[in-house]
1. Just checking, does the range 128-139 include any residue being part of a loop (DSSP other than H, G, I, E, B), more than 9 Å from ligand 1 (Cβ to nearest atom) and either more than 21 Å from Ala38 (Cβ to Cβ) or not assigned by TED's automatic domain parsing to the domain that holds Val214 (or both)?
2. What is the residue count in the range 174-219 for residues that are more than 10 Å from ligand 2 (Cβ to nearest atom) and in contact with a Phe, Trp or Tyr (Cβ under 9 Å, 6 or more places away or on another chain)?
3. Being more than 15 Å from the chain's Cα centre (by Cα) and either part of a loop (DSSP other than H, G, I, E, B) or closer than 21 Å to Asp157 by Cα (or both) is the filter here, so list the residues in the range 194-216 that pass it.
4. Out of everything in the range 41-89 that is over 27 Å from Thr195 (Cα atoms) and charged (D, E, K, R), what residue ends up being farthest from ligand 1 (Cβ to nearest atom)?
5. Within the range 10-103, which helices (runs of 4 or more DSSP H) (wholly inside it) include 3 or more residues that are at pLDDT 95 or above?
Amino acid sequence: MSAISSSFSFGQIMNLIKATSQFVILTVVFSATARADAVSKQNFAAKIGYCQDCHGVSGQGYRGFYPIPRLAGQQTEYLENQLRAFVEHRRTNNVMFNVAHNLSPAMIRALATNFRHFNPRPLGGAPKNLVTAGKKIFEDGVPDANIVACAACHGPDAVGKNEFPRLAGQIYPYVVKTLTNWTSERGQIPGKPDTSAVMQPVVHSLTKSQIEAVAAYVSYLQ
Ligand code: HEC
Ligand code: HEC
């Protein structure tokens, strides 16, 4: 799988998966985007300040014992979908459930849109000796293990598109943790598969050292 298109679409990718894999692909349902109603400036300023306390003033994330993801430059559709996933318990995280469960759909939309425009330098700090191996996995996948190139879905520059998240500049320990714990944190409502199902075969096949390598590579991308 080396054909990389910069104008990939979710439909094309789903067709690609159906055509290239043996597993039965789950039907992925995207909820309709909530209609944006007005959000007062004051309310918005208070909420965004709260997000910045943890995610950083420019959404750059935090590299600590408990990593906090970068939101800067992230796709609006992806952020909205994740905020709803925390609220609906499709994605389990107590901190973010408490943060998000009383946000109105209009506020969710406004917050998700806001982070799109930040562009801080990646925090870095990942082992540099893993970057070359990570780049190869990102661009070519792991054909022997049937792992599709990350670039096919996340884009050649890892900036994502719509429901496909940006990975460029994402915090190294957060990406390692996320890929390692995928099955126990995402898509947690049986019978209601969501966009997280698309990543299931990828996380199923990646080894620990492959996860670390590809996480190191994307963490340095601007
Ligand atoms: C108390 C700290 C804290 C606050 C405040 C906070 N977050 Fe978070 N946020 C986190 C942590 C920790 C995670 C990682 C959760 C995980 O590991 O799944 C996270 C994850 C997220 C994600 C998922 C990102 C991804 O790449 O999948 C989104 C979206 C998000 N937060 C948005 C917000 C917004 C919007 C606000 C403000 C309304 C906010 N957060 C406030 C700690 C916080
Ligand atoms: C077939 C398409 C596809 C492929 C191939 C793919 N991804 Fe994904 N990826 C997605 C989608 C869709 C999501 C959003 C999942 C969700 O909504 O929960 C995602 C989410 C992620 C996330 C979570 C981002 C965050 O901010 O929490 C990481 C990390 C990730 N992918 C890494 C990878 C890596 C590394 C590879 C290659 C080894 C890869 N992906 C290959 C479609 C894909």
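The values are calculated or read from the model by the stated rules, or taken from the named source; none is laboratory data. The model shown is predicted, which means the values in this text are computed figures rather than measured ones. Because the Cβ atoms are built from the backbone with ideal geometry, glycine has one as well, and the counts that use them run over all protein chains shown.
1. No: zero hits.
2. Matching residues across the range 174-219 total 4.
3. Once the filter is applied, which keeps residues that are more than 15 Å from the chain's Cα centre (by Cα) and either part of a loop (DSSP other than H, G, I, E, B) or closer than 21 Å to Asp157 by Cα (or both), the range 194-216 yields Leu206, Thr207, Gln210, Glu212, Ala213, Ala216.
4. Among residues in the range 41-89 that are over 27 Å from Thr195 (Cα atoms) and charged (D, E, K, R), the one farthest from ligand 1 (Cβ to nearest atom) is Lys41.
5. 41-55, 76-87, 94-100
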